[in-house]
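Before any comments, here is the structure.
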Amino acid sequence: MTPAKVELGRRLFYDTRLSGNGTQACAGCHRQDLAFTDGRPRAVGSTGEVHPRSSLSLANVAYDVALTWADSGLRRLEEQALVPMFRERPVELGLAGREKELAARLEADARYVAMFRAAFPDEPGAIRLGNVIRALAAFERTLISGDSPYDRLVYQGRMDALSEAAWRGMRLFFSDRLGCSTCHGGINFSGPVAFAGMAASVEPAFQNTGLYHLGGPGDDPAEDTGLRSVTHRRRDTGRFRTPTLRNIALTAPYMHDGSIGTLESVIDHYAAGGRAGANNRYKSPLLHGFSITAAEKQDLIEFLGSLTDERFVTDARFSDPWIPARMP
């Protein structure tokens, strides 16, 4: 991590030359104003192909134990960057077989020549794929969200940071009755996190949140079986990583497939114990359902809104460097 690598990674993150046809950047699926999601139910690649999953938020991605929705083995951002760049089913950035063309595009830009030299001063021929993904990862590790009203309460001791409704919603969120924090726990509201200096390694957690029946013939969503597609174990059918709830009010629609449009509907889904109830044989045992009044639901939504970090989604350090700065 150096300032030169971070700034290079920021420029690459927003550069459409990182797609095969030159139409899409990493930021095409990860918009800053939407907490680095894209507002779509499912991501759309550079060729127009629709991905079976939605774009995950990059808020605090440096602390994620595993990356993407359902791959327990993908642990480093440098490895993850290769997935959208070179995946062919579905096509995302569409760079498969075009590594030399990518290097040529970047070498033709004098600004990049200077920036790669500054970021990797000891490497002749610094413009190469390995350094592209190192720079991207360096930038992504700076995407820290930690100045929401909730953070100002918990980490700064500002007792007036939350409204009365958000206080009530927070008590509900952490209550045994609702059990939201059982999965959405920790500093990132996403379960396990990893950071430098940890005494032991941490394994990622994946849950089946009852979106599909998965209890009889034809009920298994063959196009995306979740973690099972990696492990090939039936018990992993429909299991996906718990996403962060930070900035959740900005990242609709929800779930791995974007199939729930509002926070109200998400709460209804969990209150009902999932769509299929006992018909989903793989459903997480944590998904037990609960009772909640209309007033309590609004309080819970108010608390979830307190996880929005306005500074994060407007911070110039994370913005598109290709857009000239506005004059005051």
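For Tyr270, Tyr112, write out the residues from largest to smallest accessible area, computed with a 1.4 angstrom probe and no ligands counted.
Putting Tyr270, Tyr112 in descending order of accessible area: Tyr270, Tyr112.
The relative contact order of the chain, computed from alpha carbon pairs under 8 Å that lie at least 6 residues apart in sequence, is 23 percent.
Averaged per residue, what accessible area in Å² does the chain show with a 1.4 Å probe, protein chains only?
Details: 15600 Å² over 328 residues.
Result: 48 Å² per residue.
When both the stretch 143-164 and the stretch 8-62 are represented by their alpha-carbon centers, they are found 28 Å apart.
Taking the protein heavy atoms of the stretch 193-326 in the context of the full set of protein chains, the accessible area attributed to carbon and sulfur is 54 percent at 1.4 Å. Applied to the stretch 203-213, the Karplus parametrisation 6.51 cos²θ - 1.76 cosθ + 1.60 on θ = phi - 60° returns per-residue 3J(HN,Hα) values of 9, x, 10, 10, 9, 9, 9, x, 6, 10, 5 Hz, with x for Gly and Pro. Amide H contacts of Ile260: Tyr254, each under 5 Å away and 5 or more positions distant or on a separate chain (H built 1.01 Å from N in the peptide plane; Pro and chain starts excluded). In this structure the amide hydrogen of Val44, modeled in the peptide plane, comes within under 5 Å of the amide hydrogens of His51, none closer than 5 places in sequence on its chain. Please work out whether the stretch 222-287 counts as rounded, prolate or oblate from its C-alpha gyration tensor, where a ≥ b ≥ c are the square roots of the eigenvalues and a/c under 1.5 means rounded, while otherwise a/b larger than b/c means prolate and anything else oblate? It comes out oblate by the Cα gyration axes.
Our summary gives the stretch 73-186 a relative contact order of 15 percent, counting only alpha carbon pairs under 8 angstrom and 6 or more residues apart. Taken over the stretch 151-290, the alpha-carbon convex hull comes to 139 cubic angstrom per residue.
A cut-off of 5 Å between modelled amide H atoms, ignoring neighbours fewer than 5 places along the same chain, links Arg31 with Phe36, Thr37, Asp38.
Could you tell me which of rounded, prolate or oblate describes the stretch 253-297, using a ≥ b ≥ c as the square roots of the eigenvalues of the alpha-carbon gyration tensor, with rounded for a/c under 1.5 and, failing that, prolate when a/b is larger than b/c and oblate otherwise? Verdict is oblate for the stretch 253-297.
Working from Cα pairs under 8 Å separated by at least six residues, relative contact order for the stretch 197-314 is 31 percent.
Each of (1) 19.1; (2) 24.0; (3) 16.5 is a candidate for mean projected area of the Cα convex hull in nm²; the one calculated from this structure is (1).
Note that the stretch 186-198 has calculated 3J(HN,Hα) couplings of x, 5, 10, 6, 9, x, x, 10, 10, 8, 4, x, 5 Hz, one per residue in order, obtained from phi through the Karplus relation 6.51 cos²θ - 1.76 cosθ + 1.60 (θ = phi - 60°); glycine and proline are x. Computed from backbone phi, the HN-Hα couplings of the stretch 234-243 come to 4, 5, 8, 4, x, 8, 9, 5, 6, x Hz, rounded to whole numbers (Karplus: 6.51 cos²θ - 1.76 cosθ + 1.60, θ = phi - 60°; Gly and Pro given as x).
Across the chain, the longest run free of exposed loop sites, meaning trypsin sites (Lys or Arg not before Pro) lying outside DSSP classes H, G, I, E and B with no more than 12 other Cβ atoms within 10 Å, spans 77-157.
The values are calculated or read from the model by the stated rules, or taken from the named source; none is laboratory data. These numbers come from a predicted model, not from an experiment. Ideal geometry is used to build each Cβ from the backbone, glycine not excepted, and the neighbour counts take in all protein chains shown. Areas reflect the complete protein model, heavy atoms only, side chains present, ligands, DNA and RNA absent. Shrake-Rupley method; radii C 1.70, N 1.55, O 1.52, S 1.80 Å.
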